[in-house]
Amino acid sequence: MDRISGLPDELLEKILSFVPTQVAVSTSILSKRWKFLWMSLPKLEYDDTCNRYPESALEEFIDKNLPLHRAPVIESLSLHFGGDSNVEPEDIKRWVEIAVSRNVRELDISYSHSEKEIIFPSSFYTCKSLVVLKLRYVTLMDVPSTACLPSLKTLKLESVTHPNQESLQQLLSVCPVLEELSMHFDGDHDGVFTVIVPSLQRLSLYIAHDLFLEGYEIETPSLKYLKLDDQNIMEHESDITNMPKLNEAYVDLVSHDLKSVIGTVTSVKRLTICSPVIFFLHFINLEFVESSVNNVCSIVGQDNAYGDDLVFNQLQHLTLCVCKNDSLNVLGQLLKDSPNLQVLDICVIEGHWTDEMVCWNQPSSVPQCLLSSLQILSWSRYFGRPQEREIAIYILKNACCLKKATFLADTEYHVSNLEMIKELTLSSRASSTCELVFVEDDDDREFEAESEAESEAESESE
């Protein structure tokens, strides 16, 4: 400890900035010199979501020390309190006001309270220093007409309650340089919401399954990245327009019609997609549909998975989640409409479950991307089912520029790894330089399929 105490205050403060505030405060008992060092830290975190402190102890500590904090600028202030906390809205309001007076740059508030009261002082809505704002479980009351957050670039809202349908757009409209917006909507937001932000570059939107949603409107002309995770099971409208600069998109829809969204992302270079092809398939009474995969595929249709006349000229990397029973039917059309595709990743996104039916409608002609551009194929959770084998063999047979095809084997459907390897190894390949690789599901051991198949063939001949 003597060596550390010999360091200059600036270096000690730097060291303390890397540990939680609670730990930094505990160093005040070491000596007189250490007593107030933590009070110069630019980042403060106060968390009582797990009720770790005696009743009112943390609130009293903040009330006593925050007004006396020595840092001229509070780089970051985090206030996290659970529903059982004794912290009142007026407490949060008072602490935020102090932070604003210290030119706070990042504000992170998580506050669950039974009373929907205002927790922001009037000075908050004109804070010139605020760059990052994260809110969870709070109630966002009407934004004053005089509000302006001229430096705010990142806004994250999770389970925030809005008093009316206009309050969200009112907040967004006072953020002239906003670049990143993340929103998590659950049962506390109903009706219609609007996102119109000319400066926005990144948008992440999660909509819970049980939200009583009528629809949403998004207009973001500067957007480069879009993540739309719409898990809502209610039929609703979406109006997504004016995204000419979009470079990457993640689209995960549960019941929403893919046709209403896919046309807005045709300019992307990277696309991740998980969606049912046709809305009614998830609500149809399957007693009236024969159980065979072919019958379901015939309902979906071959060349109209999401509409005609769409071309993904810029698309280079496609990730397709095949957790839904008709997901692979989208693949044929995406291959046809993506003439410059270089990387194809077929997978099941983490947290998604796979259906047993797998639809595949082979394109009537070989897609241009298979003939001239596709170089990498990666297939995780490859079960080796008949329709999957058909797709894999079709791609290997027609992808002239393919350099590597990797399969992560999954034996859930009782198809052995070796059987999968044999089937694909013995199939014809358009590319003589294609490396075929299998990764076992049990220990992620990677090996070249040719070597394993050859060894087995030799043992059988003996």
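No lab work stands behind these numbers, since they all come straight from the coordinates. Note that the coordinates shown come from a computational prediction; the quantities given were computed from them, not determined experimentally. Positions of Cβ are backbone-derived with ideal geometry, glycine not excepted, and every protein chain shown enters the neighbour counts.
What spacing in nm lies between the two simple spin-label points modelled at residue 142 and residue 237, each 7 Å away from Cα in the Cβ direction?
According to this spin-label approximation, the distance is 2.6 nm.
For an R0 of 30 angstrom, estimate the FRET efficiency from the Cβ-Cβ distance between residue 390 and residue 309 and round to the nearest 0.05.
Here the calculated transfer efficiency is 0.60.
Would you work out which of 148, 173, 132 lies farthest towards the positive end of the dipole of region 128-185? Charges go on Cβ: Lys and Arg +1, Asp and Glu -1.
Working it through, the farthest residue towards the positive pole turns out to be 132.
Can you order the peptides 315-324, 170-179, 423-432, 329-338 by their average number of other Cβ atoms within 10 Å per residue, highest first?
Packing proxy ranking, top to bottom: 329-338, 315-324, 170-179, 423-432.
I need the peptides 245-253, 141-149 ranked by packing, meaning the mean over residues of other C-beta atoms within 10 angstrom, with the highest value on top.
Ranked by mean Cβ neighbours within 10 Å, highest first: 245-253, 141-149.
Classify region 90-193 as rounded, prolate or oblate from the Cα gyration tensor: take a ≥ b ≥ c as the square roots of its eigenvalues, call it rounded if a/c is under 1.5, otherwise prolate when a/b beats b/c and oblate if not.
Because a/c hits 1.5 or more and a/b fails to exceed b/c, region 90-193 counts as oblate.
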